[in-house]
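Contents: one structure, followed by commentary.
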Amino acid sequence: MIDIKFLKKDELDDFLTSLKKSSVHSKAILKNMWKNGISSFDRMQGIPASLIDMLDKKCYIRNATIEKRISSVDNTEKIAVRFDDGSLVESVLIPSDKRLTACLSSQVGCAVGCTFCATASMGFGRNLDYVEICNQLLLLNEIALSKYGKPIDSVVMMGMGEPFLNIENIFQSIRIMSASWGMGISCNKITISTTGIISGIMQLADSDINCNLAVSLHSANNDNRNSIMRVNSIYNLSELKKALQYYYYHKKKSVTFEYLLLKKINDSM
């Protein structure tokens, strides 16, 4: 059985051709799955019945499930998402007056090991593939439509894991999220948050992905940052600065800096 969500647009075109069906149906299939959140072939609209029957016999649609939901006083919701291998990650739905934001995970656990991060204590499990990243968004979108009557319009890759240590899956998930046949979210409303992985910043700068970039800084002093973020011992602030200048030169996009105040560690003048 073929995981049809894992087929990229051109791969789905080729697959339909192998079935002696027109590749013109690719966009409709993708839109049913990614735009409309359809999770079974028999519910798809605008697809010939003969093709639906073939897809049902040869393919499956991989989905994720909600294990647990916890709401805060400001209506932010933390959602535990379970995948088909039993792995759990955390996704977050963040409502505000102007937008509905989905915070997505890129890995099961994290290998970066920042001292202030709860995910670091889990260690690293595995990378999520792009279907699993996008399936988190589909689940959050269902909640958004049910609770607020409107879809997610902003995405931040700021959940569990370091996105740039899973860069190919991150890039492909963004292509799905921003495609007209996908989720239709503008790249200007999608942000990747990194601890400062230089190679990832450079790849983003050179890529066709025009999303936003955020950096978890937390200290502007190398010694101090080394003590709370071991990634800084590999990519120090001087190298990070050069990479961000390179990103800005190529993308002409401002960078957001994230700074968590830690008592007596990074909260003094």
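Every pair of different Cα atoms in the range 29-172 enters the Kirkwood calculation, which places the hydrodynamic radius at 16.3 Å.
This model, with +1 at the C-beta of Lys and Arg and -1 at the C-beta of Asp and Glu, gives the chain a dipole about its Cα centre of some 480 debye. Computed from the C-beta positions of N36 and L260, the FRET efficiency with R₀ = 41 Å rounds to 0.65. Please build a GNM for the chain, connecting alpha carbons under 10 Å apart, and tell me which residue among S50, S105, S121 fluctuates the most. Among S50, S105, S121, the largest GNM mean-square fluctuation belongs to S50. For the chain, the alpha carbon convex hull comes to 144 Å³ per residue, rounded to a whole number. In angstrom, the C-alpha Rg and Dmax of the range 23-71 are 13.0, 44. Considering only N236, N221, N169, the Gaussian network model of the chain with Cα springs below 10 Å gives its largest mean-square fluctuation to N221.
Taking 22 Å as the limit for the C-alpha separation, the pairs K242/K263; K189/K252; K31/K98; K27/K147; K242/K264 exceed it in the case of K242/K263; K31/K98; K27/K147; K242/K264.
Largest GNM mean-square fluctuation among N141, N224, N32, using the chain with Cα springs under 10 Å: N224.
Working from Cα pairs under 8 Å separated by at least six residues, relative contact order for the chain is 14 percent. Ordering A120, Y148, G37 by the projection of their Cα atoms onto the charge dipole of the chain, which places +1 on the Cβ of Lys and Arg and -1 on the Cβ of Asp and Glu, puts Y148 at the extreme positive end.
Site pair N221 and E67 shows an inter-label distance of 3.9 nm when each label is modelled 7 Å from Cα along Cα→Cβ.
Label positions at S96 and D267, each projected 7 Å from the Cα along the C-beta direction, are separated by 2.3 nm.
Estimated from helices alone, the mean residue ellipticity of the chain at 222 nm is -10000 deg cm²/dmol (sum of -39500 (n - 2.57) over DSSP H runs with n ≥ 4, per residue). Ranked by solvent-accessible area (1.4 Å probe, protein heavy atoms only, all chains present), the residues L261, L145 order from largest to smallest as L261, L145. For S106, the solvent-accessible surface computed with a 1.4 Å probe is close to 0 Å², ligands and nucleic acids excluded.
Taking 7 Å steps out from each Cα toward its Cβ at S18 and S146 produces label points 3.6 nm apart.
Taking all Cα pairs closer than 8 Å and separated by 6 or more residues, the relative contact order of the range 35-153 comes to 18 percent. For the range 1-87, the share of alpha carbon pairs falling in successive 10 Å distance bins from zero is 15, 43, 22, 15, 5, 0 percent. The relative contact order of the range 120-269, computed from alpha carbon pairs under 8 Å that lie at least 6 residues apart in sequence, is 19 percent. Across the range 223-269 the C-alpha pair distances fall into 10 Å bins from zero in the proportions 23, 43, 30, 5 percent.
Between L100 and D153, S154, the built amide H atoms are under 5 Å apart, and every one of these is 5 or more places off in sequence or on another chain.
Ordered by solvent-accessible area of protein heavy atoms (1.4 Å probe), largest first, the residues M183, M157, M202 come out as M202, M183, M157. Calculated on the alpha-carbon coordinates, the convex hull of the range 86-235 measures out at 119 cubic angstrom per residue. Any chance you could check the Cα centroid distance between the range 194-258 and the range 2-25 for me, in angstrom? Taking the Cα centre of the range 2-25 as reference, the centre of the range 194-258 is 38 Å away.
Remark on the range 164-231: Rg and Dmax equal 14.1, 47 Å (Cα only).
The values are calculated or read from the model by the stated rules, or taken from the named source; none is laboratory data. It should be emphasised that the depicted structure is a prediction, and the values quoted were computed from it without experimental measurement. Cβ atoms come from the backbone with ideal geometry, glycine included; neighbour counts cover every protein chain shown. Side chains are part of the model used for accessible areas, which takes the heavy atoms of the whole protein and leaves out ligands, DNA and RNA. Shrake-Rupley method; radii C 1.70, N 1.55, O 1.52, S 1.80 Å.
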